[in-house]
Protein chains: 4
Amino acid sequence: MTDEQEKAGPESIKVGVLGAGGRMGAEVCRAVEAAADMKLVATVDQDDWLVNAAEAGAEVLVDFTTPDVVMDNLHWCIDQGIHAVVGTSGFTEQRIEKVRGWLADRPDVGVVIAPNFGLGAVLMMQFAARAARYFESVEIVEQHHPRKLDAPSGTAMHTARLVAAARAEAGLGPVPDATTDEIAGARGADVDGVRVHAVRATGLVAHQEVLFGTTGETLTIRHDSYDRVSFMPGVLLAVRAVRNRPGLTLGLDALLD
Amino acid sequence: MTDEQEKAGPESIKVGVLGAGGRMGAEVCRAVEAAADMKLVATVDQDDWLVNAAEAGAEVLVDFTTPDVVMDNLHWCIDQGIHAVVGTSGFTEQRIEKVRGWLADRPDVGVVIAPNFGLGAVLMMQFAARAARYFESVEIVEQHHPRKLDAPSGTAMHTARLVAAARAEAGLGPVPDATTDEIAGARGADVDGVRVHAVRATGLVAHQEVLFGTTGETLTIRHDSYDRVSFMPGVLLAVRAVRNRPGLTLGLDALLD
Amino acid sequence: MTDEQEKAGPESIKVGVLGAGGRMGAEVCRAVEAAADMKLVATVDQDDWLVNAAEAGAEVLVDFTTPDVVMDNLHWCIDQGIHAVVGTSGFTEQRIEKVRGWLADRPDVGVVIAPNFGLGAVLMMQFAARAARYFESVEIVEQHHPRKLDAPSGTAMHTARLVAAARAEAGLGPVPDATTDEIAGARGADVDGVRVHAVRATGLVAHQEVLFGTTGETLTIRHDSYDRVSFMPGVLLAVRAVRNRPGLTLGLDALLD
Amino acid sequence: MTDEQEKAGPESIKVGVLGAGGRMGAEVCRAVEAAADMKLVATVDQDDWLVNAAEAGAEVLVDFTTPDVVMDNLHWCIDQGIHAVVGTSGFTEQRIEKVRGWLADRPDVGVVIAPNFGLGAVLMMQFAARAARYFESVEIVEQHHPRKLDAPSGTAMHTARLVAAARAEAGLGPVPDATTDEIAGARGADVDGVRVHAVRATGLVAHQEVLFGTTGETLTIRHDSYDRVSFMPGVLLAVRAVRNRPGLTLGLDALLD
């Protein structure tokens, strides 16, 4: 985004935020206000009326609310012809089908639902899946703060599965490994044949490295996330894209091409 | 490549190597011999006859010779209907046009000419060009042994230009940088607006890191090359692909899809 | 620090904080309260009386105030026989001599003045100075957010000088570098013969890597700082140490042995 | 070592190499010949006479032979008043006692016996042991080629034990870790309470990272070894030091101070 663009000019995207009082919602408000090509026209929280957002002329609504209200919000948005970008969790297959049904009646409206708006994480996974077919070896090392309950992280598990699927499709056999003498756990967790290691240390936030190796060389893709504000560029990207993408888009992946 | 595949079975690719006595050529011979789906049927060096390769039934010839003989080799290969994979340098626009002319008469023959057979380096550049449009900041740090004459490396220069072009296409402005107080050189070389840093140290071989940053997160793509054998997986990939790719293919990129 | 230690038991260190309303001071208050072996007995800000701290029985006062008040604070502390840990900046040679004079009259009191309480940064510099004599090559790459005005950072400059001094003492000649063809700046800034590179990117906080190389191997010391809370372990270390260290101690270095 | 020093001047150290035909021995010969302050005066292999080395005036003998001949070599060296640097393996407590006995009769002779002459690895372990006492968290990630049989590596095991001992001495409790939901192996091997992860990938040589973390910051010490020549700077260091170090010195550590 260049500074030359006129802030809030006639072509600015009018954005409303649902769940504006929550941690993510508040970040979205700040990010929209800071974006040169957007205008924050409505902020809606628990006790506010959605109708305010429509009256303020919002073209796109960003929803970071809760699973119990998000479906009503979405139904209303689609009815009103307002595009939606949704980061709220809890979208089962059933819910997604329901959204598709609503959109069938309003083919001009776009909805983006994504479990992860981190551009870096999404690109890391795309690149990993793409590199996987060309390298004999691959391992994943993720690093997080020590308060995390699961090991490996969800992102590491998802990456491992993508990589394993790409290897299978390319006809690659098992990763070479001559280990015969192992102290239990040294070689990490086996996720579909891909070894995943989870490091936990005070001071770390959320990091992941995917290491590919072949004869004489390695390729490493590393993602470091320091803050929940790291999701904002992905949210803004979706806000810009959703107006030209009628129908349902699942995942940030589809917007990166 | 899995061990289960029958070595040199009837469907093995018959490969000949031109320049088999050179450093790269010798590595190619070793790599072909070690590949489960290939058979080394001919090795040709300075004083040998090319015709041996044809008599030995080579389907694909790999050429790591010198600029002064490579054109004759290629002309002969195409005439004979033998596919070629070429790592020899010196291919000007003029030479490439000449090869295209020869191939026009033999539409069944495939030729792959690539300046760099390192899969890791090629993927690093592809990924960097792709990530470039989504990140506000980008810098390149390359690291090499201290006997290297040029700084930055050719690969770093090429990467910087690809990244700069992708940024321009995405409408990104200059990379943010508030530096007002700099000791000369601290911020690196400016290559089309992308800062490039060249580290030189004994013990290093050839390494490069492309760092992308946006609010709250960074994405790093790193390539480590330890040995000239790192080109072999790319050469083998080209040998496998060239038989199904009539006409001229420039660069390993085109084979990665 | 283990959880088993009795919080605020009779042997807890009674700590007061001067400048408790500032950003660093507030962090110190939180850190002292969270420490199992300390008790926060007084917080003093701009309009408060220092005497409160004495009445509350503070054994150690931590000063993160401003250069214009810190000397009065220190004089008073030493007079009262209270140990001091000082992170306030602006300590010239002259000021340090004055503090030494005051301490001469109170040989039982300890004062620690440190420009940097980051344990990681201090250890990085110590290790770098120590490794420097054994490696033919060394380079420094520091990475910071793009709002930083100076390049290289103060820490990188200081590290380069320590490394250069250690090399000189060990009789090492210039770092090997065959570069003849350089795009201006590629090889970084020259600080006493040590090349220093400054990377700037959105998303980064404060990071530094010191790379040492010799035949066939490299040793890298890397420090990542994400937050001003990273100074707290160093402050707590100084609070614990100062009671047994009468006289003046300059720099956190001296406490790490 | 600077180029200005006169090669093989009167003050050059006269060095002989035992096991000069072996892989390590041959590297030592090359390294001594390349060193500006040393002169290679004798190379002794399986069928050669040790006495040649004495006649050639060797001041220091470097022994990279085999466990079955090294004791006879050492006994002879000490008798002759020649200093020795020994990289041959197999030194049990019993053998070391025997060497001490021989040295008791020749208090002017120095012997250095070291299991690992890699300066980088030795410094990594020293720094890790030193940093351990100041950081709440620590984990080790080692990375090797996939032909390695043991996981973790011996160096990683040794580092973990040094770190664990330093933590215990500093009174640190267990490393924080809230993991409740682990896929077996994700959290690595537990070596005296320190988690160690072993990565195996084609293209890697021998690498190790020790990660320390405390509030808001991490410190990482990384060692990359690419080649057996990486032991040479350590061997040369020992050759220079042994002449001024009568008696027995065990490990390269003792020479780094």
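The values are calculated or read from the model by the stated rules, or taken from the named source; none is laboratory data. Source: prediction; values computed, not measured. So basically every Cβ, Gly included, is an ideal-geometry build from the backbone, and we count neighbours across all protein chains shown.
Scan the range B:157-188 for residues that are out of contact with any Leu (no Cβ under 8 Å at 6 or more places or on another chain) and among the polar types (S, T, N, Q) and jot them down. If the condition is that a residue be out of contact with any Leu (no Cβ under 8 Å at 6 or more places or on another chain) and among the polar types (S, T, N, Q), then B:T159 is the only one that fits. Scanning the range A:189-198 for residues that are within 7 Å of chain D (Cβ to nearest Cβ) and within 29 Å of B:D227 (Cα to Cα) returns A:V196, A:H197. Taken as a whole, the structure leaves C:D181 outside the set of residues that are closer than 30 Å to C:N116 by Cα and away from chain D (no Cβ under 13 Å).
Scanning the range D:33-43 for residues that are surrounded by 16 or more Cβ atoms within 10 Å (Cβ to Cβ) and either out of contact with any helix residue (DSSP H, G or I) (no Cβ under 9 Å at 6 or more places or on another chain) or of a type outside the set (A, V, I, L, M, F, W, C) (or both) yields D:D37, D:K39, D:T43. Restricting attention to the range C:91-145, the residues that are within 26 Å of C:A164 (Cα to Cα) and either within 14 Å of chain B (Cβ to nearest Cβ) or within 20 Å of the chain's Cα centre (by Cα) (or both) total 34. Residues being of a type outside the set (A, V, I, L, M, F, W, C) and either crowded, with 24+ Cβ neighbours inside 10 Å or without any contact (Cβ under 8 Å) to a residue 60 or more places away in the chain (or both) are entirely absent from the range D:108-117.
Looking only at the range B:155-212, residues that are within 24 Å of the chain's Cα centre (by Cα) and hydrophobic (A, V, I, L, M, F, W, C) come to 19 in all. Annotation: D:R30 fulfils all but one of (1) surrounded by 20 or more Cβ atoms within 10 Å (Cβ to Cβ); (2) within 21 Å of the chain's Cα centre (by Cα); (3) not small (G, A, S); the unmet one is (1).
When C:R228 is tested against (1) modelled with pLDDT of 95 or more; (2) over 27 Å from C:G185 (Cα atoms); (3) surrounded by fewer than 24 Cβ atoms within 10 Å (Cβ to Cβ), just one condition goes unmet, and that condition is (1).
Is it fair to say C:V235 is crowded, with 19+ Cβ neighbours inside 10 Å, among the aliphatic types (A, V, I, L, M), within 30 Å of D:S230 (Cβ to Cβ) and within 12 Å of chain D (Cβ to nearest Cβ)? Spelling it out, it is not the case that C:V235 is crowded, with 19+ Cβ neighbours inside 10 Å, among the aliphatic types (A, V, I, L, M), within 30 Å of D:S230 (Cβ to Cβ) and within 12 Å of chain D (Cβ to nearest Cβ). When residues in the range C:71-100 are screened for being over 17 Å from C:K14 (Cα atoms), among the β-branched types (V, I, T) and at pLDDT 95 or above, 2 of them pass. When A:A201, A:A164, A:A170, A:A186 are checked against the criterion of being more than 11 Å from every other protein chain (Cβ to nearest Cβ) and of a type in the set (A, V, I, L, M), a single residue qualifies: A:A164.
Name the strands (runs of 3 or more DSSP E) wholly within the range B:80-178 that hold at least 3 residues that are closer than 22 Å to A:Q126 by Cβ?
B:137-144
When residues in the range A:184-222 are screened for being in contact with a helix residue (DSSP H, G or I) (Cβ under 8 Å, 6 or more places away or on another chain) and part of a loop (DSSP other than H, G, I, E, B), 5 of them pass.
The condition (being closer than 28 Å to D:G154 by Cβ and either within 13 Å of chain B (Cβ to nearest Cβ) or at pLDDT below 95 (or both)) is satisfied by just one residue among A:P152, A:P176: A:P176. Is it the case, given these coordinates, that B:G203 is among the small types (G, A, S) and surrounded by 21 or more Cβ atoms within 10 Å (Cβ to Cβ)? The answer is yes for B:G203.
Inclusion of A:T215 among residues that are of a type in the set (V, I, T), more than 17 Å from the chain's Cα centre (by Cα) and within 14 Å of chain B (Cβ to nearest Cβ) is warranted.
Of the residues that make up the range A:60-71, is at least one crowded, with 16+ Cβ neighbours inside 10 Å, touching a helix residue (DSSP H, G or I) at 6+ places or on another chain (Cβ under 8 Å) and in contact (Cβ under 8 Å) with a residue 60 or more places away in the chain? Looking through the range A:60-71, at least one residue is crowded, with 16+ Cβ neighbours inside 10 Å, touching a helix residue (DSSP H, G or I) at 6+ places or on another chain (Cβ under 8 Å) and in contact (Cβ under 8 Å) with a residue 60 or more places away in the chain.
Residues that are at the interface with chain B (Cβ under 7 Å from one of its Cβ atoms) and among the aromatic types (F, W, Y) within the range A:218-232 comprise just one, A:Y226.
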